[in-house]
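Take a look at the structure below.
The values are calculated or read from the model by the stated rules, or taken from the named source; none is laboratory data. If you're wondering where the values come from, they're calculated on a predicted model, not measured in any experiment. Glycine gets a Cβ as well: all are built from the backbone with ideal geometry, and neighbour counts include every protein chain shown. With ligands, DNA and RNA removed, areas are computed over all heavy atoms of the protein, side chains included. Shrake-Rupley method; radii C 1.70, N 1.55, O 1.52, S 1.80 Å.
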Amino acid sequence: MGRYRGSHNKLSRREGADLFGTGGASLQRRLAQVPGDHGHAFKRGRPSDYMRQLREKQKVKRLYGLRERQFRRFLDMARREPEMTGSALLRLLERRLDSVVYRSGLARTRPMARQMVVHGHVVVNGRKVDIPSFLVEPGMAVTIDDTARKMPDVQWSIQAPANLCPSWLSRDADAARMIDWPTREEVELPIDLNLVVEFYSR
């Protein structure tokens with residue numbers, strides 16, 4: 001599967017929001033300006049329904065670091081759930097191992113959490129798991145290895161008081177446990193999953 005290696009700030013500017021948490025003040029000043037040579041001349045007018053659905057789908061994909069095929073697979077899984085497709089999709093995305101590492105405060109950003117998983121620094125129930133899309137279930141314990149504990153960014157993440165777990169996760173020092181299913185109310189992201197479902201229902 002390919003991986004995007006370009007500028008994260010360009011993607012954030014295209015969607016009008018800091019998708020990766022790495023932009024800083026420079027990005028905040030330019031969020032209203034789309035990337036490209038003529039971005040300064042572009043004005044965000046009233047978009048069509050299709051454009052709104054497309055942009056929302058792209059935003060969600062980029063927030064969670066997914067490619068199109070993988071995102072469609074998660075959507076197909078959500079459609080088989082008894083609850084509403086949008087809620088089921090969000091629950092699946094939040095249960096991804098890289099998302100759990102980020103949401104529990106063991107990493108500063110989602111890209112950082114994904115890198116920790118891919119590099120083999122994350123352990124689930126005592127076994128190393130290096131697949132970011134691994135789905136965590138209630139009762140599973142997620143920890144980081146000794147190498148990751150020595151990383152300055154990881155130490156900062158663990159010690160920062162702003163890292164508060166949602167109610168469906170608990171964390172003790174450098175270990176987290178999923179104690180319940182994720183809920184939409186605790187996912188404070190600027191996304192509308194109904195638009196995403198509508199996009200794929202055309």
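Descriptive notes on the structure:
- Per-residue HN-Hα couplings for region 107-122 [Karplus 6.51, -1.76, 1.60; θ = phi - 60°; Hz; x = Gly/Pro]: 9, 6, 9, 5, x, 5, 5, 4, 5, 4, 5, 4, 7, x, 9, 10
- Accessible area (Å², per residue) of region 54-202, counting only protein heavy atoms and a probe of 1.4 Å: 50 Å²
- Theoretical FRET efficiency, 1/(1+(r/R0)^6), r = Cβ-Cβ of residue 181 and residue 147, R0 41 Å, to 0.05: 0.85
- Within the accessible area of region 69-154 (1.4 Å probe), percent carbon and sulfur: 47 percent
- The gain in end-to-end length when the residue 84 to residue 172 segment is fully stretched comes to 28.4 nm, 0.36 nm per residue minus the alpha carbon separation.
- Residue 141 long-range amide H proximity, modeled H, under 5 Å: 125
- In this structure residue 183 has an accessible area near 50 Å², from a 1.4 Å probe over the protein heavy atoms.
- Counting only aspartates and glutamates at least 8 places from residue 59 when in the same chain, those with an alpha carbon closer than 16 Å to its own are 15, 18, 49, 68, 94, 188, 192, 198.
- Those aspartates and glutamates that a straight Cα-Cα span of less than 16 Å connects to residue 150, excepting residues fewer than 8 apart in one chain: 174
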